[in-house]
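Reviewing the structure listed below.
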Amino acid sequence: MLSEDQQDQLLLSLFATAEVMGQQLTQGAALLMVEDLREYSEPVLSDALRTCRREGGRLTVASILKHAQSADGHPGKDEAWAIALSASDESETVVMTSEIRQAMTASSPVLEAGDKVGARMAFMSAYERLVIAARAEATPAKWEVSLGCDPARRVTAIESAVRSKLISHEAGAKHLAHLQIAPPSEDGLAIAGLITGQVRAKASPEVRQRLAEVRCIIEAAQAKKDRERAKDAQRRRVDTYLRKRQTRAAIAQLKIKRGPVAGKECK
């Protein structure tokens, strides 16, 4: 939830955004919008307002929420159903959200009975209801790994999830570590070496090459993430500077419009 200072900044941003979009917000309307939006983080709301300004149209709570919710990571219902179908194969390793897992509970009996169409309808109904509830609480998607029984497919699925930033490097490394079987083979130890950064010399050339590719992918993803984080931090610093410069003037204008504080006499 936004702090009081952040809510004040959001109030000013709403007035400024509405003005840029050719609208005039009343103080009461702006305060109601803050009440509806305060569950979201400041960066998410800043990006949502920026998108509204670029797209034009009218500034409404619905338009802001649409862009704020698109950043929460919850997949669409069709993508979620495809993930759920993959998870029905016990050999497949699947990365899914808790909402997908819960919706699968509702649809699994229907799917096991052979009614794929009915299962899809049951799944989507449950999934949409769960996502709506999550978004009402401003809860972003939380991805988790469901391990299948095929070790080779585990590696592929986990690598893909790390590259897509659905799970962290550390979480991927933890799951890869579980691929070792006692007694471990040299290739199995080489896979574990991906965790420590030490590839054993006796690993097969194919495994060594694959591990090198995976390491490069993970390092590149981390480097990109670091660059994006630095750019976001710089952008926030600039935005904060500009807002602070405008805040005193904007608040002074609001105080003038509000008039004397009730209960105090003018001297």
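The values are calculated or read from the model by the stated rules, or taken from the named source; none is laboratory data. All values reported here derive from a predicted model rather than from experimental measurement. Positions of Cβ are backbone-derived with ideal geometry, glycine not excepted, and every protein chain shown enters the neighbour counts.
Structure notes:
- Residue that is surrounded by the fewest Cβ atoms within 10 Å (Cβ to Cβ) [pool: residues in region 1-56 that are closer than 26 Å to A141 by Cα and polar (S, T, N, Q)]: S3
- Residues of region 125-154 that turn out to be surrounded by 15 or more Cβ atoms within 10 Å (Cβ to Cβ), closer than 13 Å to Q102 by Cβ and aliphatic (A, V, I, L, M), as a count: 5
- Count of region 107-161 residues which are of a type in the set (A, V, I, L, M), closer than 13 Å to A80 by Cβ and not in a helix (DSSP H, G or I): 1
- Test result for A173, part of a helix (DSSP H, G or I), modelled with pLDDT under 85 and aliphatic (A, V, I, L, M): yes
- The number of residues in region 34-54 being out of contact with any helix residue (DSSP H, G or I) (no Cβ under 8 Å at 6 or more places or on another chain) and farther than 22 Å from Q234 by Cβ comes to 2.
- In the condition set (1) farther than 20 Å from S98 by Cβ; (2) of a type outside the set (D, E, K, R); (3) assigned to a helix (DSSP H, G or I), A82 is compliant with all but (1).
- Residue that is under 28 Å from R229 (Cα atoms) and in contact with a helix residue (DSSP H, G or I) (Cβ under 8 Å, 6 or more places away or on another chain), where the choices are L31, L25, L10: L10
- Pairs, first of a type in the set (S, T, Y) in region 82-96, second assigned to a loop (DSSP other than H, G, I, E, B) and at pLDDT below 90, C-beta under 8 Å, six or more apart: S86/E92; S91/G148; S91/C149; S91/D150; T93/L147; T93/G148; T93/D150
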